[in-house]
Amino acid sequence: MSETPRNGEGPRPGGGMPPGRPGRPGVPPTGGTPHQPWRAFDGGGTGMVRKVRQRWRRDRSSPQPSLDALAAYDERSDRLRLVEAVGPTKQVSEENRRYILRLLKITLLVCIVGMRFAIPLGSFPIPLPLVAMYVFVVLARLRGGVRYNRVRTELFIASAALIVLATYLSQFFGNSISLNSVLLLLVLWMPWVFCVSIQFRDLFVPLARFYTRIMLVAAVVGVFQLGSQYAGVWVYTDYLLKFVPENFLIQDYNVSYELAWNDPTTKANAFVFLEPSFLCQYLALALVIALLIRAPAWQPALLGIGMASTLSGTGIILLVVAVGLMVVVAPNRIRPAYVLAGAVGLAIVFATPAANILLDRRSETSQEGSSGYIRFVQPYTEVSAGLSDNPTRLFVGAGPGSADRLLTSFRSGGDAVVYTIAPKLAFEYGLVAMVVFVAFLMVSVYRGPPIPVLPTAMLFMIFFLSGSLLQAHTVALAWLLTSLWGPPVTVGVSDALAAVMRRDRDQVPVA
């Protein structure tokens with residue numbers, strides 16, 4: 001046994017074992033303090049306690065990293081920038097930057113110009129914008145252009161699990177379900193878990209300018225379509241339907257929308273848009289972006305005239321909401337030149353027959369069967385009545401694809417009611433799945449582009465102006481202009497909860 005004195009013992013004359021400590025094998029040593037009896041086993045050559053490795057232990061004087069410090073890293077936007085907080089960003093070559101920007105522009109162009117096209121796959125055509133989204137993710141990932149967002153991934157997995165569970169329970173209760181509908185829903189929104197890498201986030205402004213230019217061309221085409229019809233020099237012709245096989249085109253949309261049964265004048269859709277209302281909404285969104293990025297004054301004016309050529313009101317509602325929010329949140333974005341250009345644009349519109357048509361639509365929300373009523377009123381009354389008929393639908397829904405089948409819709413022989421995201425989710429998958437999925441969408445959009453007003457305008461567009469839940473072109477546009485530009489957060493909700501649990505456990509006093 002070792003002769004080294006411990007626990008305050010002094011040297012003993014002649015060596016030997018301390019008094020009262022057995023030295024025969026098999027008998028544990030005694031000693032230690034009353035509160036720490038294990039001290040008797042930590043030395044003396046007993047071999048009963050293994051030495052703890054101290055090499056990688058954090059020094060007591062070094063600060064312990066905290067999630068709060070990481071969360072407050074970005075003082076410019078006060079958003080969660082955990083990836084930036086962990087370390088400096090990697091430098092990328094100019095060639096990679098040009099490649100990612102070119103890839104973004106091509107994807108955006110395909111999603112707009114190709115919204116009417118589909119790849120036929122039996123009875124289930126695949127929209128071209130959906131294919132473009134996945135091709136972009138794969139190609140951009142190869143160059144490090146996109147990364148996944150942990151928070152969104154967890155929210156998407158949670159909502160997808162609830163949707164699948166609601167589908168199973170709905171079928172268990174005897175409801176008819178559409179597997180194509182639920183599969184399209186999950187596949188369509190899955191790319192939203194990805195964000196552009198931090199090194200490429202400054203490419204948002206060039207992409208926004210490119211989107212504005214695309215819509216300027218669409219505005220010119222739309223003005224030509226309506227103006228030439230009123231001038232009597234051209235009769236509306238759907239050239240895509242004339243030259244492209246029908247199975248390569250998306251069906252069940254009002255592509256050619258005449259003003260009335262006795263008026264053959266067709267609303268402008270720039271040939272490539274599925275409906276005039278989509279053209280109007282996209283132009284309104286481009287006008288808002290033009291104001292935010294301080295584009296020349298003639299661009300918002302031309303975009304506004306293009307909106308009037310569609311003779312649709314949804315884009316005007318979007319523009320009013322966005323500009324009103326801009327006045328409150330970012331009034332410095334509204335230049336005097338924009339006010340002058342807006343006045344000139346309104347004067348031009350009121351000098352045309354389009355003004356009377358647009359003014360006649362002011363009270364549509366109170367007229368049953370009108371476009372405004374079936375968009376803003378009837379979806380909610382129909383879903384409310386449908387949920388009240390069967391209380392189990394509140395929790396598991398009526399099954400995927402049931403909104404158009406069981407409620408009033410053009411497929412059931414009634415009005416073409418537009419079931420927007422929240423009502424459709426609530427009726428088909430239940431309220432719980434709807435709340436989680438809507439939370440996923442709101443987190444994705446609001447933690448998106450580093451620019452004000454645009455996230456709220458985009459949410460208003462996809463939540464209230466069209467049935468965006470299964471529309472590939474709308475989902476792709478919202479992703480490319482908002483959700484894609486969020487921070488690629490690698491610490492999720494589960495990590496935050498685990499950190500809170502560890503903190504609470506560490507703060508429990510030891511008895």
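Some values worked out for this structure:
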item	result
Total residues in the stretch 138-157, condition of a type outside the set (Asp, Glu) and within 15 Å of the chain's Cα centre (by Cα)	11
Condition broken by Ala439, with the remaining ones in (1) at pLDDT below 90; (2) exposed (fewer than 14 other Cβ atoms within 10 Å of the Cβ); (3) within 22 Å of the chain's Cα centre (by Cα) satisfied	(1)
Count of residues meeting criterion [open to solvent by less than 40 Å² (accessible area, probe 1.4 Å) and either more than 13 Å from Leu346 (Cβ to Cβ) or among the acidic types (Asp, Glu) (or both)] in the stretch 304-327	12
Output for the stretch 216-250, where each listed residue is within 33 Å of the chain's Cα centre (by Cα) and closer than 16 Å to Cys280 by Cβ	Leu216, Val217, Ala218, Ala219, Val220, Val221, Gly222, Val223
Lone qualifier among Leu325, Leu291, Leu279 - being modelled with pLDDT of 90 or more, out of contact with any Ser or Thr (no Cβ under 7 Å at 6 or more places or on another chain) and closer than 26 Å to Leu459 by Cβ	Leu291
The stretch 336-364 - residue that is at pLDDT 90 or above and not small (Gly, Ala, Ser) and, of those, farthest from Leu292 (Cα to Cα)	Leu340
Test set (1) in contact (Cβ under 8 Å) with a residue 40 or more places away in the chain; (2) surrounded by fewer than 20 Cβ atoms within 10 Å (Cβ to Cβ); (3) assigned to a loop (DSSP other than H, G, I, E, B) - Tyr236 fails condition number	(1)
Selection count, the stretch 375-389, where residues are surrounded by fewer than 14 Cβ atoms within 10 Å (Cβ to Cβ) and either of a type in the set (D, E, K, R) or not in a helix (DSSP H, G or I) (or both)	1
Residue among Arg152, Arg201, Arg209, Arg147 that is surrounded by 14 or more Cβ atoms within 10 Å (Cβ to Cβ), modelled with pLDDT of 90 or more and not in a helix (DSSP H, G or I)	Arg147
The lone exception for Tyr257 - which of (1) closer than 26 Å to Ala354 by Cα; (2) surrounded by 15 or more Cβ atoms within 10 Å (Cβ to Cβ); (3) out of contact with any Asp or Glu (no Cβ under 9 Å at 6 or more places or on another chain) it fails	(3)
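The values are calculated or read from the model by the stated rules, or taken from the named source; none is laboratory data. Owing to the predicted nature of the structure, the values given are computational and were not obtained by experimental measurement. Here Cβ is always computed from backbone atoms with ideal geometry, including for glycine, and neighbour counts include all displayed protein chains. In case anyone asks, the SASA skips ligands and DNA or RNA and just uses the protein heavy atoms, side chains included. Shrake-Rupley method; radii C 1.70, N 1.55, O 1.52, S 1.80 Å.
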